[in-house]
Amino acid sequence: FSLTLAGFIEEPERKYCFECDSEEQCQEWIEALKRASYEFMRRSLIFYRNEIQKMTGKDPLEQYGISEEARFQLGTCK
């Protein structure tokens, strides 16, 4: 089984080929790549930020001076 990826922003013409021993392993690669994406990490940050805020009453990002940044607000999910 193989998985070919193309279209990364920095090098849109470059392709990457991943070879796997099984379809299950191929699916594991796909899931790992999804979890490594910026959007997945951004959504995770938003989720955990909101959970911490519910538990403590404080915005955990405030100490870093980014509490008001729109990209970390729940309403901006694409």
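Things to note:
- Radius of gyration over Kirkwood radius for the stretch 23-68, both on Cα atoms: the Rg/Rh ratio is 1.21.
- Å² of accessible area per residue within the stretch 23-68, as computed with a 1.4 Å probe and no ligands counted: 80 Å²
- In the assembled protein chains, residue 31 presents an accessible area of approximately 80 Å² (probe radius 1.4 Å).
- Ordered by solvent-accessible area of protein heavy atoms (1.4 Å probe), largest first, the residues 48, 16 come out as 48, 16.
- Heavy-atom accessible surface of the stretch 23-68: percent carbon and sulfur, 1.4 Å: 57 percent
- Within the stretch 27-75, trypsin sites (Lys or Arg not before Pro) in DSSP loop having at most 11 other beta-carbon neighbours inside 10 Å: 58
The values are calculated or read from the model by the stated rules, or taken from the named source; none is laboratory data. Only a predicted model underlies this, so the values are computations on that prediction, with no experimental measurement involved. Every residue, glycine as well, gets a Cβ built from its backbone with ideal geometry; the counts of neighbours run over all protein chains shown. Just the protein is used for accessible areas: all its heavy atoms, side chains included, with ligands, DNA and RNA removed. Shrake-Rupley method; radii C 1.70, N 1.55, O 1.52, S 1.80 Å.
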